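Taking it in order: structure first as structure tokens, then the write-up.
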Amino acid sequence: MKTVLITGGAGFLGSHLCDYFMNKDYNVICMDNLVTGREENISHLMKKNRFRFLNHDVSKRIDSDNLNGDIDYILHFASPASPVDFDKMPVEIAMTNSVGTLNMLDLARKKNAVMMFASTSECYGDPEVNPQPETYNGNVNTTGIRSCYDESKRFAESLIMAYHRAYGVDVRIARIFNTYGPRMRRMDGRAVPAFINQALHDEPITVFGEGKQTRSFCFVDDEIEGFYRLLMSDEKYPVNIGNPHEISILDFAKKIIDVTSSSSEIVFKPLPEHDPKVRRPDITKAKEKLDWEPKIGIDEGLKRTIEYFKGVNGIK
Ligand code: NAD
Ligand code: UDP
């Protein structure tokens with residue numbers, strides 16, 4: 001039986017990964033300090049004997065006594081991911097993706113494990129090409145409000161390749177584009193939970209700027225399948241995993257009003273500093289190397305996500 005260590009396993013993507021690998025009969029170790037994650041995301045797994053939860057900050061030294069035994073795969077997904085957190089905890093974010101990644105690489109080296117990293121489309125910054133292929137090196141502000149996140153993710157990618165080249169650590173880098181679905185936090189500040197919860201309560205939908213900026217949203221089940229295929233592949237260099245269906249934020253807000261049959265109005269709020277103007281993955285590489293592309297369209301994905309948030313809010 002194989003063992004996978006998932007950092008950030010109590011968060012949105014991490015908890016879906018825990019489920020995925022439990023369903024594939026792996027031993028799953030979930031490491032999380034619950035800074036943005038929640039125990040309720042993994043409470044259904046807590047009593048299973050193949051599942052272990054370790055409350056630990058990945059940027060602190062790892063006590064390997066707690067991790068004796070084989071580890072075959074390390075999925076390093078710990079890191080706050082909402083732009084709201086870039087204001088609140090920039091140092092923790094920078095350390096989680098830099099020192100945290102160093103700790104995970106050392107562990108992977110010691111255990112001879114494959115190490116996969118949750119990188120991001122933010123590596124492309126405010127892109128000057130659209131869609132973004134993996135070969136585009138990005139347009140990132142090194143000192144701006146988003147830099148704690150963007151630059152620490154970029155440094156992590158660089159450190160990962162250094163460990164691969166210097167020590168032969170087997171590595172994978174997933175460049176994740178905006179992903180949504182059940183278990184996002186209601187108030188985490190990202191567009192999907194914000195708009196859906198505003199719509200469900202008939203409150204104003206807060207569109208930042210004029211809403212002309214675009215994003216490309218991928219449903220979580222598609223994204224997780226992409227991660228698994230990447231992990232099982234032999235690709236060491238970054239691979240974009242995301243849905244290329246691009247939509248303006250204003251149209252996205254209108255769609256959510258429509259799908260929820262809400263009476264919410266749209267209100268316009270100031271655009272946060274350095275908010276990327278466009279974002280869309282070129283997934284040619286994922287198609288060719290992983291035989292992967294998303295299958296769940298925006299209407300179906302939103303339907304499933306809205307059902308989840310209705311449950312959270314006790315709305316029938
Ligand atoms: P999330 O906030 O729901 O999950 C992150 C998890 O990491 C949380 O459970 C949090 O408690 C944990 N964590 C944070 N710092 C930690 C630390 N120092 N030690 C241990 N645990 C820590 O966010 P998410 O959307 O699930 O994102 C997961 C990963 O995917 C992150 O690395 C993020 O950068 C990346 N990512 C996500 C998206 C997206 O659209 N969801 C897009 C690009 C990249
Ligand atoms: N956004 C918005 N209203 C909100 C939250 C976000 O208009 O209440 C916008 C945000 O400015 C960005 C887009 O929606 O242009 C996606 O934001 P999110 O925080 O989900 O992720 P990002 O892609 O910026 O990391």
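The values are calculated or read from the model by the stated rules, or taken from the named source; none is laboratory data. Keep in mind that this is a model prediction, so the values were computed, not measured. Neighbour counts run over all protein chains shown; Cβ positions are idealised from the backbone, glycine included. What goes into the accessible areas is simple: the full protein's heavy atoms, side chains included, and nothing from ligands, DNA or RNA. Shrake-Rupley method; radii C 1.70, N 1.55, O 1.52, S 1.80 Å.
Examine segment 54-65 for a residue that is away from ligand 2 (no atom under 16 Å from the Cβ), over 20 Å from Tyr163 (Cα atoms), assigned to a loop (DSSP other than H, G, I, E, B) and of a type in the set (Lys, Arg), and state whether such a residue exists.
Start the filter on segment 54-65 by keeping residues that are away from ligand 2 (no atom under 16 Å from the Cβ), which leaves 54-65.
After this cut, where a residue has to be over 20 Å from Tyr163 (Cα atoms) as well, the list is 54-57, 63, 65.
Retained after the next criterion (residues that are assigned to a loop (DSSP other than H, G, I, E, B)): 56-57, 63.
Adding the requirement that they be of a type in the set (Lys, Arg) leaves none.
Among the residues of segment 54-65, not one is away from ligand 2 (no atom under 16 Å from the Cβ), over 20 Å from Tyr163 (Cα atoms), assigned to a loop (DSSP other than H, G, I, E, B) and of a type in the set (Lys, Arg), which makes the answer no.
Might you check whether a residue that is hydroxyl-bearing (Ser, Thr, Tyr) and not in a helix (DSSP H, G or I) occurs anywhere in segment 148-155? Don't jump to the end; show me each part of the working.
At the first step, the residues of segment 148-155 found to be hydroxyl-bearing (Ser, Thr, Tyr) are 149, 152.
Subset that is not in a helix (DSSP H, G or I): none.
Scanning segment 148-155, I find no residue that is hydroxyl-bearing (Ser, Thr, Tyr) and not in a helix (DSSP H, G or I), so the answer is no.
Only one of Tyr167, Tyr136, Tyr163, Tyr124 is more than 23 Å from Ala10 (Cα to Cα), of a type in the set (Phe, Trp, Tyr) and loosely packed, with under 15 Cβ neighbours inside 10 Å; which? Break it down stepwise before answering.
On the way: Tyr136 fails: loosely packed, with under 15 Cβ neighbours inside 10 Å; Tyr163 fails: loosely packed, with under 15 Cβ neighbours inside 10 Å; Tyr124 fails: loosely packed, with under 15 Cβ neighbours inside 10 Å.
Unique residue meeting the criteria: Tyr167.
Of all residues in segment 139-159, which are over 20 Å from the mean Cα position of the chain (by Cα) and surrounded by 15 or more Cβ atoms within 10 Å (Cβ to Cβ)?
Here is the first cut: in segment 139-159, the ones over 20 Å from the mean Cα position of the chain (by Cα) are 139, 141-144.
Once the filter is applied, which keeps residues that are over 20 Å from the mean Cα position of the chain (by Cα) and surrounded by 15 or more Cβ atoms within 10 Å (Cβ to Cβ), segment 139-159 yields only Gly144.
Going residue by residue through segment 180-197, is there one that turns out to be more than 15 Å from ligand 1 (Cβ to nearest atom) and open to solvent by 30 Å² or more (accessible area, probe 1.4 Å)? Walk me through how you get there before you give the answer.
Here is the first cut: in segment 180-197, the residues more than 15 Å from ligand 1 (Cβ to nearest atom) are 197.
Among the residues that remain, those that are also open to solvent by 30 Å² or more (accessible area, probe 1.4 Å) are: none.
Within segment 180-197, not a single residue is more than 15 Å from ligand 1 (Cβ to nearest atom) and open to solvent by 30 Å² or more (accessible area, probe 1.4 Å).
Could you please give the count of residues in segment 74-89 that are over 19 Å from Leu17 (Cβ atoms) and open to solvent by 10 Å² or more (accessible area, probe 1.4 Å)? Talk me through it step by step, then tell me what you get.
Taking segment 74-89 first, the residues over 19 Å from Leu17 (Cβ atoms) are 83-89.
Narrowing further to those that are open to solvent by 10 Å² or more (accessible area, probe 1.4 Å): 83-84, 87-89.
Matching residues across segment 74-89 total 5.
In segment 16-38, what residues are surrounded by 14 or more Cβ atoms within 10 Å (Cβ to Cβ) and in contact with a strand residue (DSSP E or B) (Cβ under 8 Å, 6 or more places away or on another chain)? Show your work before the answer.
Of segment 16-38, the ones surrounded by 14 or more Cβ atoms within 10 Å (Cβ to Cβ) are 16-22, 26-33, 35-38.
Within segment 16-38, Leu17, Cys18, Phe21, Met22, Tyr26, Asn27, Val28, Ile29, Cys30, Met31, Asp32, Asn33 qualify.
Residue-by-condition table, conditions (1) open to solvent by less than 30 Å² (accessible area, probe 1.4 Å); (2) in contact with a Cys (Cβ under 8 Å, 6 or more places away or on another chain):
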site: Phe53; (1), (2): no, yes
site: Arg61; (1), (2): no, no
site: Asn66; (1), (2): no, no
site: Gly69; (1), (2): no, no
site: Asp72; (1), (2): no, no
site: Val91; (1), (2): no, yes
site: Ala94; (1), (2): yes, yes
site: Ser98; (1), (2): yes, no
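Using beta carbons and a limit of 8 Å, which pairs, at least six apart or on different chains, have the first residue in segment 199-213 and at negative phi and the second one near ligand 2 (Cβ under 6 Å from one of its atoms) and among the acidic types (Asp, Glu)?
Phe208/Asp275; Gln213/Asp275
Scan segment 67-88 residue by residue and report those that are more than 8 Å from ligand 1 (Cβ to nearest atom) and among the hydrophobic types (A, V, I, L, M, F, W, C). Write out each step before concluding.
Step one: list which residues in segment 67-88 are more than 8 Å from ligand 1 (Cβ to nearest atom), which gives 67-75, 83-84, 86-88.
Of everything in segment 67-88, those that are more than 8 Å from ligand 1 (Cβ to nearest atom) and among the hydrophobic types (A, V, I, L, M, F, W, C) turn out to be Leu67, Ile71, Ile74, Leu75, Val84, Phe86.
Against the condition within 10 Å of ligand 1 (Cβ to nearest atom) and touching a residue at least 24 places away in the same chain (Cβ under 8 Å), how does Val91 come out, does it pass?
Details: within 10 Å of ligand 1 (Cβ to nearest atom): no; touching a residue at least 24 places away in the same chain (Cβ under 8 Å): yes.
No, not satisfied.
Would you list the strands (runs of 3 or more DSSP E) that sit entirely within segment 206-316 and hold 2 or more residues that are open to solvent by 30 Å² or more (accessible area, probe 1.4 Å) and under 22 Å from Met184 (Cβ atoms)? Outline the logic, then answer.
Details: elements: 214-216, 239-241, 246-248, 266-269.
Per the criteria, 266-269.
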